[in-house]
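Worksheet: one structure, shown below.
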Amino acid sequence: MDVTPGILRNYSVRDHLLDGHELLIRSIRPDDKASLQAGLQRLSPESAYFRFFRHKHELSPQELVYFTEIDFDRHVALVAIDEDKSLVVGVGRYFLCADEPVRAAEITLTVDDAYHGRGVATVLLQHLVQVARAAGVAEFRATVMGENRKMLEVLLHLGLPVQRHSEGSVVDVTLLLTDPAIP
């Protein structure tokens, strides 16, 4: 897989949810700003809190630029689109960590509440794993609120070797990407 930024900017595949519903998985684009803003406004207060670790119902213009105008080198982001509804229903991204002994990346996943439990986060994460492996990333790291059982379940049941550490109300999860035989 070619993971040069120019190629990743055009990443686009179709994949299926657990119920067989087809989604378009593609790279995020600058013209997704309105979709991200609308998606955040559709999130329940709990889901927004789990994603941002604080109550948030709107992205600033600077945040919209940061989240949509990315380099596809140190920051990679994919969206899941329900084309039947012309709706972005999920966003997955990774940010490379600086100065680490291994090539590691912090991941975040956000899924529209109406699509929880259908496999959107898992599908996005599987695509991010493929891209990251091709880019030489050895591990994904996620910091998850302990109450966010749905996301912990996605991370812990992806089929990758996992390490976890709890401190207070957060759980730090590390997914090891080095075995290509594991999805």
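The values are calculated or read from the model by the stated rules, or taken from the named source; none is laboratory data. This structure is a prediction, so every number in the text was calculated from the model and none was measured. Note: ideal-geometry Cβ built from the backbone for every residue, glycine included; neighbour counts use all protein chains shown.
Tabulated data
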| quantity | calculated |
| --- | --- |
| Which listed residue is surrounded by 20 or more Cβ atoms within 10 Å (Cβ to Cβ), among the β-branched types (Val, Ile, Thr) and either at pLDDT 95 or above or on the phi < 0 side of the Ramachandran plot (or both), from Val162, Val65, Val170, Val154 | Val154 |
| Any hit, the range 92-104, residues being touching a Lys or Arg at 6+ places or on another chain (Cβ under 7 Å), among the small types (Gly, Ala, Ser), over 24 Å from Glu22 (Cα atoms) and part of a strand (DSSP E or B) | yes |
| Qualifying residues in the range 9-48 (those that are under 14 Å from Glu83 (Cβ atoms) and among the basic types (Lys, Arg)) - the one surrounded by the fewest Cβ atoms within 10 Å (Cβ to Cβ) | Arg14 |
| Residue that is surrounded by the fewest Cβ atoms within 10 Å (Cβ to Cβ), among those in the range 49-58 that are charged (D, E, K, R), touching a residue at least 12 places away in the same chain (Cβ under 8 Å) and not in a helix (DSSP H, G or I) | Glu58 |
| Candidates Phe95, Phe67 - the one that is in contact with a helix residue (DSSP H, G or I) (Cβ under 8 Å, 6 or more places away or on another chain) and of a type outside the set (A, V, I, L, M) | Phe67 |
| Residue within the range 79-87 that is crowded, with 18+ Cβ neighbours inside 10 Å, more than 14 Å from the chain's Cα centre (by Cα), among the acidic types (Asp, Glu) and modelled with pLDDT of 95 or more present | yes |
| Filtered residues of the range 85-102 (kept if among the hydroxyl-bearing types (Ser, Thr, Tyr) and touching a residue at least 12 places away in the same chain (Cβ under 8 Å)) | Tyr94 |
| Strands (runs of 3 or more DSSP E) wholly inside the range 123-183 that include at least 2 residues being in contact with a Ser or Thr (Cβ under 6 Å, 6 or more places away or on another chain) and without any contact (Cβ under 8 Å) to a residue 12 or more places away in the chain | none |
